[in-house]
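Novice: Below: one structure in structure tokens.
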Amino acid sequence: AGRIHTTVTSLKKELREFLNIRGKRLQETDISNCQPLVSLTLFHKDLRIKYEIEKTINRVNSINNRLKVGDQEYEYINRHKRLPFMPCNIDDVINKPDVRIYIKLVSKRKLYKFLLEKYNRNFPLKQLDLKRLKKKVLASIFSPSAWESSIIELFRQCFPNVIIVFDHLKIGFTKTRNGNGSQKRTASDPHCLLAILLQSLEANLVIHQIVPDIIAKNSDIPILTIHDAILSYPEHKKLIKEIIDKRIHEITQS
């Protein structure tokens, strides 16, 4: 997916506050709601071209079809590998009322709060807090092993045309293989097309756009990336946030 994996990215979140460069503590600036934000590129024709969405899809499908997987899963991928990216005309999709609402909520960073209110109203005996809901949303929407859940059903009710696009790209392993009941893939499982696509878009945004912008402003600023977050000295947080907001604006206002 183009992500950078280091000992820093694998470090437990509780330990990150102790990271330092030359004895000086670092502060984290993250891109809130990053996965939903980059998902907006799927609905914009110009952004799909800019970020080479179809090229990434073809690359992932090519990798998946070289994997040694079970017959059922292999046949599933082969049946779907030539699906067009969009299930219908892109201009029609972006003009659907639910898609416009989704784009607006994501752009204003209010998607999770919107879903939390809906979820707790619909399931009063299974109340969630915002942190737990965000985790469930990402696991349900962007994981190929979670096709049906209360979150998916809620999402489908609120954003039927958005979920059509997501489901269209949820090609990959479809069942748990480790026997422990947890939704983890093994090395022989196909990769999830939607998950890799969103991670690739996230990496492009952070590594190939935001980081170079920071360096162009001040090449002496120390930078460490943790996927959708940037670590640097506290005095640079304002500049980093301004650069992040500028790049996010290019996506949300397209």
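Novice: What pairs can you find where one residue is in segment 98-109 and under 13 Å from Ile248 (Cβ atoms), the other is in a loop (DSSP other than H, G, I, E, B), and their Cβ atoms are less than 6 Å apart, with a gap of 6+ or different chains?
Specialist: Arg109/Ser32; Arg109/Asn33
Novice: Next question. For segment 7-31, enumerate the residues that are of a type outside the set (A, V, I, L, M, F, W, C), assigned to a loop (DSSP other than H, G, I, E, B) and open to solvent by 60 Å² or more (accessible area, probe 1.4 Å). Show your work before the answer.
Specialist: Here is the first cut: in segment 7-31, the ones of a type outside the set (A, V, I, L, M, F, W, C) are 7, 9-10, 12-14, 16-17, 20, 22-25, 27-30.
Filter once more, keeping what is assigned to a loop (DSSP other than H, G, I, E, B): 7, 9-10, 12, 17, 22-23.
Residues satisfying the conditions are Thr7, Ser10, Lys12, Glu17, Arg22, Gly23.
For (1) assigned to a helix (DSSP H, G or I); (2) open to solvent by 60 Å² or more (accessible area, probe 1.4 Å); (3) at pLDDT below 90, each residue gets a yes or a no:
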residue	(1), (2), (3)
Lys131	yes, yes, yes
Ala146	no, no, yes
Ile151	yes, no, yes
Gln157	yes, yes, no
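Novice: Hey, another quick one. Quickly run through segment 202-237 and pick out the residues that are open to solvent by less than 10 Å² (accessible area, probe 1.4 Å) and in a helix (DSSP H, G or I).
Specialist: Glu202, Ala203, Leu205, Val206, Ile210, Ile214, listed by residue number.
Novice: Turning to a different aspect of this structure: Of the numbered conditions (1) open to solvent by 30 Å² or more (accessible area, probe 1.4 Å); (2) at pLDDT 70 or above; (3) in a loop (DSSP other than H, G, I, E, B), Pro87 satisfies every one except a single condition; which is it?
Specialist: Of (1) open to solvent by 30 Å² or more (accessible area, probe 1.4 Å); (2) at pLDDT 70 or above; (3) in a loop (DSSP other than H, G, I, E, B), only one is false for Pro87: (2).
Novice: Leu26 versus (1) at pLDDT below 80; (2) of a type in the set (A, V, I, L, M, F, W, C); (3) touching a strand residue (DSSP E or B) at 6+ places or on another chain (Cβ under 6 Å): which is the lone unmet condition?
Specialist: (1)
The values are calculated or read from the model by the stated rules, or taken from the named source; none is laboratory data. Bear in mind the structure is a predicted one, so any value in this text is a computation, not a measurement. Every residue, glycine as well, gets a Cβ built from its backbone with ideal geometry; the counts of neighbours run over all protein chains shown. For the accessible areas, the whole protein counts, side chains as well, though only heavy atoms, and no ligand, DNA or RNA atoms are used. Shrake-Rupley method; radii C 1.70, N 1.55, O 1.52, S 1.80 Å.
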